[in-house]
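Visitor: Quick one: the structure is below, and I'll ask about it shortly.
The values are calculated or read from the model by the stated rules, or taken from the named source; none is laboratory data. These numbers were taken from a predicted model, which means no experiment stands behind them. Positions of Cβ are backbone-derived with ideal geometry, glycine not excepted, and every protein chain shown enters the neighbour counts.
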Amino acid sequence: MLKLFEWASQMDRVGMTVTRVGLIVVLGWIGGLKAFPYEADGIVPFVANSPLMSFFYSDGNNYKSHMNPEGALIAENRAWHKANRTYLFAYGLGSVIVLYGLLLCFHPWLPQVAAVGSFLVFVMSVVTLSFLITTPESWVPNLGDAQHGFPYLSGRGRLVVKDVIMMGAALVTMADSAKAYLRSR
């Protein structure tokens, strides 16, 4: 049993690499998906209700009647989202998210760049977690069941709360990259 703990105690570098690669994969994948209408449609409640982002949409107040279920193509809603700048915003956001992932890739050569990237992922996670406060769709609606509202997370809320893990991973990779930079000086 002691050997198992000795082996486990030496996995910190492997864990750091897996954490960094995990962030890169998630940021690249999720950021890349922002180029597709279904993903852009899915973030509308978060953006429309955010005091930091709602100004990006031309008509964020009326999104509820134009929501497309994942996989559904409703031409009228698609046209509304185009006019609302839903897709334009998603392209920009996706580009930024992919950029953050790319910054983390610089760790072996320019750890200071990766440290900045990790810090930006941390900030992004704080903004994303703010959606738990600003987005009503983060909580189970009152449709008759006793379990609704806080603390009952909806599917959207469960998606958002996982950013606590991204936040922690970003802090760990930021510290690791900053240490690597300081050692190289």
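Visitor: Just to be sure before I move on: is F5 in a helix (DSSP H, G or I), more than 23 Å from the chain's Cα centre (by Cα) and not small (G, A, S) in the structure I sent?
Guide: Answer is yes for this residue.
Visitor: Can you confirm whether the range 121-135 contains a residue that is small (G, A, S) and under 30 Å from K64 (Cβ atoms)?
Guide: The answer is yes, given that some residue of the range 121-135 is small (G, A, S) and under 30 Å from K64 (Cβ atoms).
Visitor: Among (1) in a loop (DSSP other than H, G, I, E, B); (2) surrounded by 13 or more Cβ atoms within 10 Å (Cβ to Cβ); (3) acidic (D, E), there is one condition D145 misses while meeting the rest; what is its number?
Guide: (2)
Visitor: Quick check on the range 34-50. Is at least one of its residues among the hydroxyl-bearing types (S, T, Y) and closer than 30 Å to G168 by Cβ?
Guide: yes
Visitor: Determine if the range 88-98 includes at least one residue that is modelled with pLDDT of 95 or more, part of a loop (DSSP other than H, G, I, E, B) and not polar (S, T, N, Q).
Guide: no
Visitor: Further question on the same structure: For the range 126-165, how many residues meet the condition of being more than 22 Å from P51 (Cβ to Cβ) and of a type in the set (G, A, S)?
Guide: Selection size over the range 126-165: 3.
Visitor: Residue pairs, Cβ under 6 Å, 6 or more apart or interchain, first in the range 10-39 and more than 30 Å from A75 (Cβ to Cβ) and at pLDDT 95 or above, second among the aromatic types (F, W, Y) and surrounded by 13 or more Cβ atoms within 10 Å (Cβ to Cβ). List them.
Guide: From residues that are more than 30 Å from A75 (Cβ to Cβ) and at pLDDT 95 or above, the pairs are L27/Y100.
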